[in-house]
Every structure is written in structure tokens, then in C-alpha cells.
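Report on the structure given below.
Where a number appears in this text, it was derived from the coordinates with a stated rule and is not lab data. Computed from a predicted model, the values in this text were never measured in an experiment. A quick note on method: Cβ atoms are made from the backbone with ideal geometry, for glycine too, and the neighbour counts reach across all protein chains shown.
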Amino acid sequence: MNYGEIKNVDIANGTGVRVSIFVSGCTHHCKGCFNPETWNFDFGQPYTQQTEDELIDLLRPDYIQGLSLLGGEPFEPENQKALVALLKRVRQELPNKNIWCYTGYLFEELIGKKPSRAFTDTSLEMLSLIDVLVDGEFVEEKKDISLKFRGSSNQRIIDVKESLQLNTAIVKGSF
């Protein structure tokens, strides 16, 4: 897996002050994407053990509320295994931090209710380690800059834990 950028102080991609990683590789190619350079799986730098250690260290301060995964596309099959390892480590070493993930795939695709290349042997495990999922492709015609934590009105902010328990997407109303 490659990544394009790590933001050590991010207030735009989830609640509170966060650390965000923008992974490389995306097959959605949404019109109007804010980060099209990350469509290429080879963009950026290789994700290594040193990268993971850096992310964990950046997450340690008390003022950091959590980690956000963006892209590119975190749920591309090529990215899932490396991200599962990172998320497990965050859960083990920093259990008080929350995890947000932005994906162009729908929750229903990630749990196997709808056919998708993103549904793999690791997608459910990855989902189980995430607190909040912002799902759905960015749709330029539905762009709305007044929306909190979303780029277009078709995207949903989902409570992953409750959604997995009920096997249906539970959309969050407030933060």
C-alpha cells in the first residue's frame, strides 16, 4: 500500500483534532474529486512499519481525538490488510481514540449485501474496527459545502458499531 499524505492536525475530517492518512488507490474516479492524484495505487510513498509507528506516535497526545482514513480509497482490496493491522494497533495501544473512515463504497457493499469488489475476507474485520463511516461516492451535482464532514448530499455518516449489530446502516444525526 502507498499513501499520499499524513495530516498530523486535521479538523476537517471528523470530530475534534485528528490525525488523517490519505491512502493511494481508488477505482471510483468521482467527477470533481478533491484528491484525484490518489487514484493511482503507486502515488506517494510506500506504507511501512515506520509509517505505522509514526501514526501511532502522532495519535498519542490527549488533544488528538482520533484517526481518519481517507484516500484514494481505504476499502480498495489492495489497501485493506495494511489498514486492518494499523486499526488493530490503534485499538490495542490507544483504545480511547475513535476511528473515522471515508469511502466511496456503500455500507451495504462492505458487508456483502450488495455485490462489490470491496467485499473481501478482511472488509468486515476492517469495518468492526471503525467507529464512523462516511460512505458513498462524491457526486459533484450534489455537492453542498454547508454539509458537515461530507462533500455531497448523497453521502451518509454511519454509526458502524450499531449498524453491524443491526445489519443495516444507521445514519448519525448529530455529533
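Worth pointing out:
- A straight line joining the Cα centroids of region 106-175 and region 41-94 runs 18 Å.
- Debye-sum result for the chain in log10 I(q)/I(0), which assumes one identical scatterer on each alpha carbon, at q = 0.10, 0.19 Å⁻¹: -0.33, -1.38
- Between amide H atoms placed 1.01 Å from N, distances below 5 Å from residue 2 occur with 24, 47, all of them 5 or more places distant or on a separate chain.
- Taking θ as phi - 60° and the Karplus parameters 6.51, -1.76 and 1.60, the scalar couplings of region 155-162 work out to 6, 10, 9, 10, 7, 5, 4, 5 Hz in sequence order, x denoting glycine and proline.
- In Hz, Karplus ³J(HN,Hα) per residue of region 137-143 (6.51, -1.76, 1.60; θ = phi - 60°; x = Gly, Pro): 5, 5, 10, 4, 5, 10, 4
- Each stretch of four or more DSSP H residues adds -39500 (n - 2.57); spread over every residue of the chain, this sum gives -7500 deg cm²/dmol at 222 nm.
- The chain: relative contact order as a whole-number percent, Cα under 8 Å and 6+ apart: 19
- A protection proxy built from the mean count of other Cβ atoms within 10 Å ranks the segments 85-92, 128-135, most packed first, as 128-135, 85-92.
- If you take the alpha carbon atoms of region 1-64 and fit the smallest convex hull around them, that volume is 79 Å³ per residue.
- 18 Å tail of the calculated P(r), region 115-167, as % of Cα pairs: 43
- Those GluC sites (Glu not before Pro) in region 22-94 that DSSP places in a loop and that have at most 10 other beta carbons within 10 Å: none
- For residue 17, the amide hydrogen comes within under 5 Å of the amide hydrogens of 65, counting only partners 5 or more places away or on other chains and with H modelled in the peptide plane.
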